[in-house]
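The next block holds one structure in the form of structure tokens; read it before the comments.
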Amino acid sequence: KKRIVSGVQPTGSIHLGNYLGAIKNWIALQNTYETLFFIVDLHAITLPYDTQQLSKATRDTAALYLACGVDTSKASVFVQSHVRAHVELMWLLSSATPIGWLNRMIQFKEKSRKAGDENVGVALLTYPVLMASDILLYQSDFVPVGEDQKQHLELTRELAERVNYLFGGRKWKKLGGRGGAIFKVPEPLIPPAGARVMSLTDGFSKMSKSAPSDQSRINLLDPKDVLANKIKRCKTDSFPGLITGKTKQEVAEECQDMNWGTFKNVLTDALVDHLHPIQVRYEEIMSDPAYVDNVLAEGASKASAIADITLNDVYQAMGFLRR
Ligand code: TYM
């Protein structure tokens, strides 16, 4: 079976962009592929964050994965920091990553420009190396993400090729390894629709967890009245009616004669119909936090078993003395 990995940061609440750009596709893919879905808590500390909230947000995010339909009989769900190999591989990979590649990352440029060099931790720069190790550790074939992660995926691919070239093949064989490629070169899976869900209040920005105004996004856990109010007030017309499962054309035909107000009501109802069952399941799951923790423990041990194999290969190929 081909393997798929993906993850979301436990920062703020998960919104419709995360769902349509990534999580909704995970659910469809878990039947066909071997899947590992993680909560990337180590990525969440790359900007100032609240230590009192991190562990709660991590468990909440895991519960939301399950509520959205991630099926633990098929997928492994785990917390990034529970599998130590992620950080270890990151260090090894960072030695092979040119700084220029990282300086060119759009997300780094945008976020560091806002905060200023003296206020930005080095981890914000090296963040894509950690993301590469999340992916390469599992010899992943595909990575389902939204459009905003495309550049990070491109870097991951280039890094995999570079490490294969620098340390793989015959050199690795001479060190007692199996030779050949150390890493599989993964491909992004970006959905044809929903890859870039826009902000509700600003038609030029994507919907984002870190935008200061909660009015700019629809959170998966927004109650009906909050959601209805956000849609009523939203100005953007680029908001996609993807949630009904109908084609764009069907939606367009149904809605062509509607005025804005009626259309917004239809959209609100469609969203509520889709999100309500997720919210109910979420409450059920969260009523038993020990259940979530068990899922995460099991996920971490399955993931570690795979990750350790790759990590050992990399140490060997890079010439380390092993104990
Ligand atoms: P994060 O937490 O910012 O976003 C999680 C997922 O949601 C997608 N996404 C969107 N899709 C459509 N429209 C939007 N407005 C929107 N906003 C976010 C993102 O593309 C992503 O798929 N670095 C990653 C997390 C990560 C990761 C990984 C992903 C770390 N390691 C390994 C895949 C594989 C991030 O910060 O995503």
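Would you be able to tell me the number of residues in the stretch 140-174 that are in contact with a Leu (Cβ under 7 Å, 6 or more places away or on another chain) and of a type in the set (Lys, Arg)?
The qualifying residues number 0.
Can you find, within the stretch 1-49, the residue that is nearest to the ligand (Cβ to nearest atom) among those that are in a helix (DSSP H, G or I) and open to solvent by 20 Å² or more (accessible area, probe 1.4 Å)?
So in the stretch 1-49, the residues in a helix (DSSP H, G or I) come out as 16-29, 43-45.
In the following step, the residues that additionally are open to solvent by 20 Å² or more (accessible area, probe 1.4 Å) were identified as 18, 24-25, 27-29, 45.
Values: ASN18: 4, LYS24: 10, ASN25: 9, ILE27: 14, ALA28: 14, LEU29: 13, ILE45: 12 Å.
Per the stated criteria, the residue is ASN18.
Please find, within the stretch 172-204, the residue that is nearest to the ligand (Cβ to nearest atom) out of those that are in a helix (DSSP H, G or I) and without any contact (Cβ under 8 Å) to a residue 40 or more places away in the chain.
Taking the candidates together, the pick is LYS173.
Just name the residue that is most open to solvent (accessible area, probe 1.4 Å) out of those in the stretch 152-171 that are small (Gly, Ala, Ser) and in a helix (DSSP H, G or I).
Applying the filter and picking the extreme gives GLY169.
Condition first: modelled with pLDDT of 90 or more, in contact with a helix residue (DSSP H, G or I) (Cβ under 6 Å, 6 or more places away or on another chain) and within 30 Å of GLY169 (Cα to Cα). Can you find one or more residues in the stretch 187-208 that meet it?
yes
Looking at the stretch 209-235 only, could you name the residues that are within 12 Å of the ligand (Cβ to nearest atom) and farther than 18 Å from ASP60 by Cβ?
ALA211, SER216
Among the residues of the stretch 116-154, write down those that are within 11 Å of the ligand (Cβ to nearest atom), hydrophobic (A, V, I, L, M, F, W, C) and under 16 Å from SER94 (Cα atoms).
Matches in the stretch 116-154: VAL129, LEU130, MET131, ALA132, ILE135, LEU136, LEU137, LEU153.
Yes/no matrix, rows are residues, columns are (1) outside any helix (DSSP H, G or I); (2) open to solvent by 60 Å² or more (accessible area, probe 1.4 Å); (3) hydrophobic (A, V, I, L, M, F, W, C); (4) touching a strand residue (DSSP E or B) at 6+ places or on another chain (Cβ under 6 Å):
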| position | (1), (2), (3), (4) |
| --- | --- |
| LEU221 | yes, yes, yes, no |
| ASN229 | no, yes, no, no |
| PHE263 | no, no, yes, no |
| ALA303 | no, no, yes, yes |
| ALA307 | no, no, yes, no |
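If you take the residues of the stretch 50-71 that are under 18 Å from SER210 (Cα atoms) and in contact (Cβ under 8 Å) with a residue 40 or more places away in the chain, which of them is surrounded by the most Cβ atoms within 10 Å (Cβ to Cβ)?
Step by step, filter the stretch 50-71, then rank; the result is THR61.
Here are the criteria: (1) within 12 Å of the ligand (Cβ to nearest atom); (2) at pLDDT below 95. Tell me which single one ARG113 does not satisfy.
With respect to (1) within 12 Å of the ligand (Cβ to nearest atom); (2) at pLDDT below 95, ARG113 is out only on (1).
The values are calculated or read from the model by the stated rules, or taken from the named source; none is laboratory data. Since the model is a prediction, treat every value here as computed from it, not as a measurement. So basically every Cβ, Gly included, is an ideal-geometry build from the backbone, and we count neighbours across all protein chains shown. Side chains included, ligands, DNA and RNA excluded: accessible areas come from the protein's heavy atoms. Shrake-Rupley method; radii C 1.70, N 1.55, O 1.52, S 1.80 Å.
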